[in-house]
Amino acid sequence: MPQAAAELVTFCLEHPATSISEPDVRLVLERLTRGPEGVFDLASPGGARLVAALIELAESDDDMAELIPLGVRGGDGLEGLLGEAVDRALALARTGTRRLFRVPLGPCLAEQRPVLEARGLGAAFSSTSMATPDARWAPTPTPDGLVFEDWRADHGTSAIHALVRAAFAGNPGVIHLPEEELVQRLASSVPKPRLLFDGAVLVGLSRTRGPEADGVGTVQMIARDPRARGRRLGDVLLSEAQRVLAEAGATRFALEVLTDNTSALALYRRHGFEVVSVETTFQRGVHG
């Protein structure tokens, strides 16, 4: 990786504007923009700095281009930096084919909401970050006939790709990884993803990360075949994810969920998760 790009990643990890992991920061900066013009590294004389990237090369159900703030350092002039990033990103998006333009604002940028509203962006949806106070977890029995397996390369990715798309269909803001990227993500995941099978049919997936140096283990994804509703597979998959993280040494668990997903919020609360913060995503038409 070029030194300049490596410095951007380091800055974003030391001054995070979002909760995404190092692999995801690299993914956004290196492979989901159209090129260097889609990465914005802005600084003010007052000491503020903002690193953000415009995602345009990822699959999206709602045809969006999304400006993601990745790293932020406070200081005089931060408002102007965010405004410049939005203006430049929107201008770039207008040269492409996407229909919607979005910007998520995490807690560290929540006060900058007027910057987006002044540019015609309105609140579209929000995501809730949740965590547990410790690593206690309640085992949920796996239903008869269902079996968990660690992901292996010979499982392939087509069934997994289809499961994830079906599980998150209609959820705003979901970015679907291309199959080749999904392979890399599954292969590099630590701990290994867990696949839930009903015979030879894939019905669920849990993917986790960590624990990090602070002891937090993250539940990155719980995906369940929509046709399997009513079998409590959400509880089964989440309990398995917590077990995997606890055995890896996590001292508490964390995850994110759409705020409007009341059934998922209830599921997570049953398993000891509490609300930590809320991130609002703002939206407008690219050409509107």
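Here's a check for you: in region 145-163, which residue that is among the β-branched types (V, I, T) and at pLDDT 90 or above is farthest from the chain's Cα centre (by Cα)?
Restricting attention to region 145-163, the residues satisfying the condition of being among the β-branched types (V, I, T) are 147, 157, 160.
Those still in the list that are at pLDDT 90 or above too: 147, 160.
Working: V147: 27, I160: 17 Å.
So the residue we want is V147.
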Residue ID - nearest to the chain's Cα centre (by Cα), chosen from residues in region 27-63 that are acidic (D, E) and under 20 Å from E7 (Cβ atoms):
E30
Within region 101-144, tally of residues that are touching a strand residue (DSSP E or B) at 6+ places or on another chain (Cβ under 7 Å) and charged (D, E, K, R)
3
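Given the structure, is D134 part of a helix (DSSP H, G or I), farther than 30 Å from T281 by Cβ and not basic (K, R)?
Details: part of a helix (DSSP H, G or I): no; farther than 30 Å from T281 by Cβ: yes; not basic (K, R): yes.
It is false that D134 is part of a helix (DSSP H, G or I), farther than 30 Å from T281 by Cβ and not basic (K, R).
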How about region 174-288: which helices (runs of 4 or more DSSP H) wholly inside it have at least 3 residues that are buried (at least 21 other Cβ atoms within 10 Å of the Cβ), modelled with pLDDT of 95 or more and more than 16 Å from the chain's Cα centre (by Cα)?
233-247
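Among what's in region 83-130 and is within 30 Å of D235 (Cβ to Cβ) and surrounded by 19 or more Cβ atoms within 10 Å (Cβ to Cβ), pick the residue that is modelled with the lowest pLDDT.
Filtering region 83-130 for residues within 30 Å of D235 (Cβ to Cβ) gives 104, 106-107, 124-130.
Those still in the list that are surrounded by 19 or more Cβ atoms within 10 Å (Cβ to Cβ) too: 104, 106, 127-128, 130.
Numbers: P104: 95, G106: 91, S127: 94, T128: 95, M130: 97.
Out of the qualifying residues, it is G106.
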Residue list for region 32-80, restricted to those being buried (at least 21 other Cβ atoms within 10 Å of the Cβ) and farther than 24 Å from G288 by Cβ
L50, V51, L70, G71, V72, L78
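The values are calculated or read from the model by the stated rules, or taken from the named source; none is laboratory data. Model, not experiment: these values are computed from the prediction. Here Cβ is always computed from backbone atoms with ideal geometry, including for glycine, and neighbour counts include all displayed protein chains.
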